[in-house]
Amino acid sequence: MNLLIVTACPSGMVTSVLCARLLEAAALRLGWTTRVEVHDPRAIGSPLTEEDIAVADLVVVVKTGELALDRFAGKRLLQSTPADALQDPQRFLEEAAARAEPFQPGAAAPAAASGAQPRLVAVTACPTGVAHTFMAAEALQQAARQLGYALQVETRGSVGARNLLDEAAIAAADVVLLATDIEVDTSRFAGKKIYRCGTGVALKQPHQTLRRALEEALPQVGVGPAAAATPGKAVRSGPYKHLLTGVSYMLPMVVAGGLLIALSFVFGIEAFKEEGSLAAALMRIGGDTAFKLMVPVLAGYIAYSIADRPGLAPGMIGGLLAGELGTGFIGGIAAGFLAGYCSHALGRWLRLPASLESLKPILLIPLLSSLFTGLVMIYVVGAPVAGMLAGLTDFLNGMGSTNAVLLGLLLGGMMCIDLGGPVNKAAYAFSVGLLASQSYAPMAATMAAGMVPPLGMAIASLLARYKFAQAERQAGKAAGILGLCFISEGAIPFAAKDPLRVIPASVAGGALTGALSMFFGCKLMAPHGGLFVLLIPNAINHALLYLLAIVAGSLLTGGLYAVLKRGEVAEVAAATEQPGPAAGGQPAERPSGRHA
């Protein structure tokens with residue numbers, strides 16, 4: 001049999017060539033004669049001649065976009081996608097030979113093989129890269145197995161990227177699902193259909209997320225972190241997501257700097273003032289270096305999220321200026337957005353001759369955007385923001401017990417209301433930003449309150465064991481461990497099943513813990529780590545009172561939920577005791593616990 005193979009994939013030469021070579025090898029195993037034509041954005045390939053087409057018995061077209069096929073009029077032709085072709089190339093060719101029909105220009109393309117298994121690839125990423133990233137990945141994988149979908153998930157957590165998607169997996173995928181709360185580079189998905197959502201949505205509604213991804217994904221336009229087309233119902237990129245991207249890259253600086261400062265205090269609170277001492281060296285590394293990088297990294301990666309690489313340098317320059325001008329993290333946020341949107345506008349609207357276009361990202365955009373951002377920071381933003389930050393810092397350092405308790409109530413409640421969602425992240429980002437201004441009390445209240453929901457669920461599953469199913473009791477044990485690590489998401493399985501009781505109980509306990517932490521004057525040097533931070537000397541002051549605040553809030557949450565929760569037996573009875581006639585027209589009897 002004379003076979004013509006035509007591949008045309010907008011994602012580029014890799015996908016096109018991969019499909020062509022695998023199909024060609026499969027055809028050779030079948031003893032067929034082949035000719036191959038490969039299309040890609042740079043028109044690389046061997047065009048088929050009129051003679052090739054004339055003698056062809058079968059034409060197989062593997063494509064993901066539009067392609068003119070009029071030249072194949074009257075030839076037996078089958079159109080399909082890389083996902084079908086790459087799954088089993090030899091079987092695909094055999095089915096193509098059986099199903100191909102004479103091609104008529106203008107006729108609708110034959111449908112792909114019915115019942116083919118949907119293939120997806122996904123990327124999960126959250127600002128801290130500790131909990132939501134991996135829990136969302138696991139939820140999606142479990143849902144995919146139940147739905148019969150093929151799914152490969154790449155996680156981008158605090159330890160870096162794991163289970164990396166290779167080119168073959170991307171090429172074979174029908175849809176790319178980006179379950180991310182921060183921006184990720186999407187250039188490798190060029191030409192693929194992409195669906196975006198947050199990790200929280202993927203974690204709580206994995207089945208619906210996978211179905212929506214297949215139904216609503218749109219082809220990517222352009223390249224870069226924010227280039228993917230986004231359907232109306234998906235999560236759109238915006239200021240909040242750009243801010244969380246900056247915070248996620250800033251966190252390692254905060255953790256390392258804060259703990260190094262705490263270690264310097266082991267030798268005495270003022271031991272770092274002695275030149276040449278180890279305490280002085282630790283303070284220099286943590287306070288004078290790591291903390292100085294916090295704001296530039298925050299600003300730089302906010303700009304990167306908006307404008308890709310051309311925004312990175314202007315953002316960092318603006319962030320460094322923010323630190324020098326005394327505007328702190330608020331100025332850094334302003335610098336990041338200024339640099340990002342300026343770089344994005346220049347990249348979009350600055351027109352140059354084709355021969356000079358390559359100068360834009362490496363010369364003109366960084367130069368002009370840095371100039372604009374720097375001048376605005378110095379002459380417009382600097383003085384008022386510095387004054388505002390100084391006022392905020394003075395208020396936090398000098399506030400009385402009443403104001404401290406109110407702030408603790410607010411931060412504690414925010415940490416527990418959506419368990420890692422936008423409100424939780426807003427409170428956390430605010431507290432982390434204040435570390436750069438040496439305001440450590442809000443961070444202590446925030447982390448303590450964030451531990452309460454999972455610890456409370458663990459306590460409730462112990463206090464009212466008879467109300468929890470065996471699986472829930474096991475989940476309670478896991479939640480307790482996650483709570484000790486400051487992973488609020490440990491309570492999500494409970495909140496997803498019973499939100500009207502879990503959320504109020506969690507907010508009550510979190511608010512109490514936050515208020516007590518502020519009232520006790522607890523100060524935390526590191527933004528993460530849970531109770532294990534207590535193992536580092538001087539990472540937190542008033543350690544026993546801090547533990548008391550956490551225990552009090554956790555007991556309140558656990559006790560409240562233990563009282564409010566309906567038992568499994570009551571829930572089953574409520575669901576089964578529906579009025580209606582039984583067989584023979586008699587009223588249905590309530591279960592008696594006895595069997596006939």
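The values are calculated or read from the model by the stated rules, or taken from the named source; none is laboratory data. Fair warning: this is a prediction, and the values are worked out from it, not measured in the lab. When we count neighbours, we look across all protein chains shown, and the Cβ atoms used for this are built from the backbone with ideal geometry, even at glycine. Calculation scope for accessible area: heavy atoms of the full protein, side chains included, ligands and nucleic acids excluded. Shrake-Rupley method; radii C 1.70, N 1.55, O 1.52, S 1.80 Å.
Any chance the range 205-212 includes a residue that's among the hydroxyl-bearing types (S, T, Y), out of contact with any Asp or Glu (no Cβ under 9 Å at 6 or more places or on another chain), modelled with pLDDT of 85 or more and closer than 25 Å to Q152 by Cα? Yes, because at least one residue in the range 205-212 is among the hydroxyl-bearing types (S, T, Y), out of contact with any Asp or Glu (no Cβ under 9 Å at 6 or more places or on another chain), modelled with pLDDT of 85 or more and closer than 25 Å to Q152 by Cα. Each residue in the range 69-89 was checked for being outside any loop (DSSP other than H, G, I, E, B) and either open to solvent by less than 50 Å² (accessible area, probe 1.4 Å) or at pLDDT below 80 (or both), and 12 of them qualify.
In the set (1) open to solvent by less than 10 Å² (accessible area, probe 1.4 Å); (2) in contact with a Cys (Cβ under 9 Å, 6 or more places away or on another chain); (3) not in a strand (DSSP E or B), I182 fails one condition alone, (1). The numbered conditions (1) under 15 Å from the mean Cα position of the chain (by Cα); (2) modelled with pLDDT under 80; (3) within 24 Å of G433 (Cα to Cα) are all true for V235 except (3).
I'm trying to understand the selection: among the residues of the range 534-552, which are in contact with a strand residue (DSSP E or B) (Cβ under 8 Å, 6 or more places away or on another chain) and in contact (Cβ under 8 Å) with a residue 60 or more places away in the chain? Talk me through it step by step, then tell me what you get.
From the range 534-552, those in contact with a strand residue (DSSP E or B) (Cβ under 8 Å, 6 or more places away or on another chain) are 534, 539-540, 546; that's our starting set.
Selection gives A539, I540, Y546.
Evaluation of E270 against the conditions (1) over 27 Å from A390 (Cβ atoms); (2) surrounded by fewer than 24 Cβ atoms within 10 Å (Cβ to Cβ) shows that the sole unmet condition is (1). Restricting attention to the range 185-200, the residues that are in contact with a strand residue (DSSP E or B) (Cβ under 7 Å, 6 or more places away or on another chain) and assigned to a helix (DSSP H, G or I) total 2. Before we move on, is Y240 modelled with pLDDT under 80, closer than 20 Å to L434 by Cβ and of a type in the set (F, W, Y)? Yes; evaluated as a whole, the condition is true for this residue.
Take R119 and tell me if it is on the phi < 0 side of the Ramachandran plot, in contact with an Asp or Glu (Cβ under 9 Å, 6 or more places away or on another chain), of a type in the set (D, E, K, R) and without any contact (Cβ under 8 Å) to a residue 12 or more places away in the chain.
no
Here L455 does not qualify as modelled with pLDDT of 90 or more and surrounded by fewer than 24 Cβ atoms within 10 Å (Cβ to Cβ).
Please name all residue pairs, on different chains or six or more residues apart, with Cβ atoms under 7 Å, provided the first residue is in the range 131-151 and is in a helix (DSSP H, G or I) and the second residue is among the polar types (S, T, N, Q) and open to solvent by 10 Å² or more (accessible area, probe 1.4 Å). That search, which allows pairs on different chains as well, returns T133/T155; F134/T155; A137/T155. With respect to being assigned to a helix (DSSP H, G or I), more than 22 Å from L259 (Cβ to Cβ), at pLDDT below 85 and over 21 Å from the mean Cα position of the chain (by Cα), A404 fits the description. Checked against the criteria, A469 does not count as surrounded by 24 or more Cβ atoms within 10 Å (Cβ to Cβ) and small (G, A, S).
Within the range 277-297, the set of residues being within 22 Å of V184 (Cα to Cα), modelled with pLDDT of 90 or more and of a type outside the set (V, I, T) comprises P296 only. Checked against the criteria, R188 counts as open to solvent by 20 Å² or more (accessible area, probe 1.4 Å) and basic (K, R). Being part of a helix (DSSP H, G or I) and either touching a Pro at 6+ places or on another chain (Cβ under 7 Å) or buried (at least 24 other Cβ atoms within 10 Å of the Cβ) (or both) is true for just one of A511, A478, A495. Which residue is that? After ruling out the rest, the residue left standing is A511.
Scanning the range 487-517 for residues that are at pLDDT below 90 and within 13 Å of M451 (Cβ to Cβ) yields I487, S488, E489, G490, A491.
Identify, from the list G323, G347, G382, the residue that is of a type in the set (G, A, S) and within 21 Å of S187 (Cβ to Cβ).
Exactly one of G323, G347, G382 is of a type in the set (G, A, S) and within 21 Å of S187 (Cβ to Cβ), namely G347.
Note on the range 288-391: enclosed helices (runs of 4 or more DSSP H) holding 1 or more residues that are basic (K, R) and either without any contact (Cβ under 8 Å) to a residue 40 or more places away in the chain or open to solvent by 20 Å² or more (accessible area, probe 1.4 Å) (or both) are 291-307, 328-349. If the condition is being more than 39 Å from the chain's Cα centre (by Cα) and either within 17 Å of W32 (Cα to Cα) or not aliphatic (A, V, I, L, M) (or both), then the range 67-92 contributes D70, R71, F72, G74, K75, R76, L77. Would you confirm whether or not the range 522-535 contains a residue that is outside any helix (DSSP H, G or I) and surrounded by fewer than 16 Cβ atoms within 10 Å (Cβ to Cβ)? No, there is no match, as no residue in the range 522-535 is outside any helix (DSSP H, G or I) and surrounded by fewer than 16 Cβ atoms within 10 Å (Cβ to Cβ).
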